[in-house]
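Quick notes on the structure that follows.
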Amino acid sequence: MFAVTATKTDADDPLAGLTVGERPEPAVPDGWTTVTVRAAALNHHDLWSLKGVGLPADRLPMILGCDASGIDEDGNEVIVHAVIGDPDRGGGDETLDPGRSLLSEVYPGTLAEKVAVPRRNLVPKPAELSFEEAACLPTAWLTAYRMLFDKAGLEPGGSVLVQGAGGGVASAAIALASAAGLRVYATSRSEDKRRRAEELGADAALESGARPPERVDAVIETVGQATWSHSLKSLRTGGRVVVSGATSGQVAPAELNRVFFMQLQVIGSMMGTRDQLERLARFLVKTGVRPSIDRVLPLRDARAGFAAMAGGDLFGKIVFTP
């Protein structure tokens, strides 16, 4: 089958290890099934894998990709949940299973014509969502959903600052928060990305580091080192910063005096559960919100999509179709 594979890793030149071509079909363990992929979305996770983060040399070659929608063996339209884990070992939450992984870390990923997953990882795709829209949900959109409504505990009428408008998680968070009745502020260095953030529903889009109109209940943080101090300064007393990434670097000043004096909460978040993915899909159907898709490319042109993500030349998701 045709697939996009990491054949080597290079921290300085990640695209050097990107190989596009034929690969064997995935093995199907007991309790697993296969999905014929109709659309698959690109994530920063795929770039990090090519850099060798979470993907050691002894697992190469590895088919990349966490996100997909497609057709299961019974002909049903499905969304693939990317977290491979046991909910029982995580207290009912597979993301808390100490042995959990994401597709493309231990098991072959979704940037292929076919992917194998545990049967419980299949979520019905609502007819109202296209395959391309549905493929955007399992990583970026599910991460944003969990950060907003689970980890941050935000309710309608609350306020949130989203750092780094334009990234997949950030753009999802802006759209979801606005649809849920939150006051939404977003930041970006790019004037164009600030404009597009307002189109997604941000009440105000600010230059990076600018003071928001109010101290917010929560900050959605995926940028990391470059925005960390601003995130803490933007919170109200008792507010929460929810972190799911650090694309600008992971070594930021802790500012512990501000954390304890303001009684701030710093909360990590990673992906979401299968049930949250199903609820997210229903939320989109109910509200009419849809993922922002930067571009749709054939899988054969995957290198162009990876290059665009590596260069930051995108707003929303890049989606591949076989």
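The values are calculated or read from the model by the stated rules, or taken from the named source; none is laboratory data. All values reported here derive from a predicted model rather than from experimental measurement. Cβ sites come from the backbone with ideal geometry, for glycine too, and all protein chains shown count toward neighbours. Areas reflect the complete protein model, heavy atoms only, side chains present, ligands, DNA and RNA absent. Shrake-Rupley method; radii C 1.70, N 1.55, O 1.52, S 1.80 Å.
Tabulated results
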quantity	calculated
Rh (Kirkwood; distinct C-alpha pairs) - segment 68-131, Å	12.5 Å
Total formal charge among the other residues, if their Cβ is under 14 angstrom from that of residue 166, Lys/Arg +1 and Asp/Glu -1	0
Karplus (6.51, -1.76, 1.60) ³J(HN,Hα), θ = phi - 60°, over segment 266-271, in Hz, Gly and Pro reported as x	10, 10, x, 9, 9, 6
Size of electric dipole in the chain: Cβ of Lys, Arg +1 and of Asp, Glu -1, about Cα centre, debye, nearest 20	780 debye
Whether segment 7-97 is rounded, prolate or oblate, judged on the alpha carbon gyration tensor where a/c under 1.5 counts as rounded	oblate
For segment 259-309: rounded, prolate or oblate by the Cα gyration tensor [a/c cutoff 1.5]	oblate
Cα gyration tensor shape of segment 159-233, rounded if a/c is under 1.5, else prolate or oblate by comparing a/b with b/c	rounded
Which of 130, 5, 153, positive extreme of dipole for the chain (C-beta unit charges)	153
Distant alpha-carbon pairs in segment 179-322 (separation over 21 angstrom), percent	55 percent
Cβ-based net charge around residue 296, under 12 Å, with every Lys or Arg adding one and every Asp or Glu removing one	-1
Cleavage-rule hits (GluC sites (Glu not before Pro)) in segment 18-117: DSSP loop, at most 13 neighbouring Cβ within 10 angstrom	73
Nearest-ten-degree value, helix 274-287 long axis tilted from longest Cα axis of the chain	70 degrees
Segment 61-122 - charge dipole about Cα centre, Lys and Arg +1 at Cβ, Asp and Glu -1, debye rounded to 20	160 debye
Simple Cβ-charge dipole of segment 259-322, Lys/Arg +1 and Asp/Glu -1, about Cα centre, in debye nearest 20	220 debye
Listed residues 247, 19 arranged by accessible area, highest first, probe 1.4 Å	247, 19
Too-long pairs where the Cα-Cα distance tops 28 Å, listed order kept, from 151/233; 8/193; 286/317; 51/233; 125/193; 51/317	8/193; 51/233; 125/193
